[in-house]
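A.B. asks: Following this message is one structure expressed as structure tokens.
We did not get these values from a lab; they are worked out from the coordinates using the rules stated. If you're wondering where the values come from, they're calculated on a predicted model, not measured in any experiment. Cβ atoms come from the backbone with ideal geometry, glycine included; neighbour counts cover every protein chain shown.
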Amino acid sequence: MLYIFDLGNVIVDIDFNRVLGAWSDFSRVPLATLTQNFTMGEAFHQHERGEISDEAFAEALCHELELPLSYEQFSHGWQAVFVGLRPEVIDVMHRLREQGHRVVVLSNTNRLHTTFWPDEFPEVREAADHIYLSQEMGMRKPEARIYQKVLELEGFSVDDAVFFDDNADNIAGANQLGLTSILVTDRETIPAYFAKTLC
């Protein structure tokens, strides 16, 4: 079997409130204002597909949010999204591989984040056979083509794969292809899913 794991809030806890908090501290723009105005719009999606640079993304978001930040301040805040590893999921990934399954990560991410999390959480790379990143693939979830590409590259049919993600839109996109998809709602979802098969 092929097991496909998202990264954020599946393997690693993330919290965008931490990003907005850091930007608020740097800029003195009230946190409530940033929380109300922050959206994952077109610039966000372009950045995740690798279509615009980190600098262009920072400029676009600072313009949208009226944030007077330097690029360094923006970057520092952007990396604050990462909270910590979910060791119980890392354990599941290792045990799946020990049983002969293929384990990969499929993440909507961006170049700026990949300068941070692989070094911060080396356990992720150690637990996965391969890591697929949206900005390297030029496509992002929930686009059907990204799931199709991973299945094609891995040599698995849709019937022999399971996908885990915390985003309902990404789950819906995978379901439309007939890919068995599990919505991760908390830290117990994945350990509970494998409780009987990985005893």
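A.B. asks: Among 59, 48, 188, which one shows the biggest mean-square fluctuation in a GNM of the chain, springs joining Cα atoms closer than 10 Å?
C.D. replies: Fluctuation is largest for 188.
A.B. asks: What FRET efficiency, computed as 1/(1 + (r/R0)^6) with R0 = 41 Å and r the Cβ-Cβ distance, is obtained for residue 36 and residue 126, rounded to the nearest 0.05? Could you put the intermediate results ahead of the total?
C.D. replies: Numbers: r = 40 Å, r/R0 = 0.97.
Approximately 0.55, to the nearest 0.05.
A.B. asks: Using 0.36 nm per residue, how much length does the chain from residue 25 to residue 144 gain when fully extended, once their Cα-Cα distance is taken away? Write down the numbers at each step before the final one.
C.D. replies: Numbers: separation 119, 0.36 × 119 = 42.84 nm, distance 3.87 nm.
Working it through step by step, the gained length comes to 39.0 nm.
A.B. asks: Of the options 184, 60, 35, report the single residue whose Cα projects farthest towards the positive end of the charge dipole of the chain (beta-carbon charges: Lys, Arg +1; Asp, Glu -1).
C.D. replies: Projecting each Cα onto the dipole axis, the largest value belongs to 184.
A.B. asks: In Å and from the alpha-carbon atoms only, list the Rg and Dmax of segment 14-82.
C.D. replies: Cα only, segment 14-82: 11.1, 31 Å (Rg, Dmax).
A.B. asks: Sequence gap at least 6, Cα distance under 8 Å: using those rules, report the relative contact order of segment 1-148 to the nearest whole percent. Mind dumping the intermediate values first?
C.D. replies: Details: 199 pairs, mean separation 50.4, N = 148.
Once normalised by length, the contact order is 34 percent.
A.B. asks: Here's a follow-up. If R₀ is 22 angstrom, what is the calculated FRET efficiency for the pair residue 63 and residue 13, using the beta carbon separation as r and rounding to 0.05?
C.D. replies: Numbers: r = 29 Å, r/R0 = 1.34.
Result of the calculation: an efficiency of 0.15.
A.B. asks: Tell me the label-point distance for the pair residue 1, residue 198, using the 7 Å Cα-to-Cβ offset, in nm and rounded to one decimal.
C.D. replies: Those two pseudo-labels are separated by 1.1 nm.
A.B. asks: While we're on this one: If you add up the charges near residue 187, with Lys and Arg at +1 and Asp and Glu at -1, over every other residue whose beta carbon is less than 10 angstrom from its beta carbon, what do you get? Show your work: numbers first, answer last.
C.D. replies: Working: positive: 86; negative: 13, 88, 186, 188.
It works out to a net charge of -3.
A.B. asks: Given N residues in the chain, what is Rg(Cα) / (2.2 N^0.38 Å)? Mind showing how you got there, number by number?
C.D. replies: Working: Rg = 17.4 Å, N = 199, 2.2 N^0.38 = 16.4 Å.
After normalising by residue count via 2.2 N^0.38 Å, the value is 1.06.
A.B. asks: While we're on this one: Measure out, as a whole number of angstrom, how far apart the alpha-carbon centroids of segment 159-191 and segment 93-155 sit.
C.D. replies: Comparing the Cα centres of segment 159-191 and segment 93-155, I get a distance of 14 Å.
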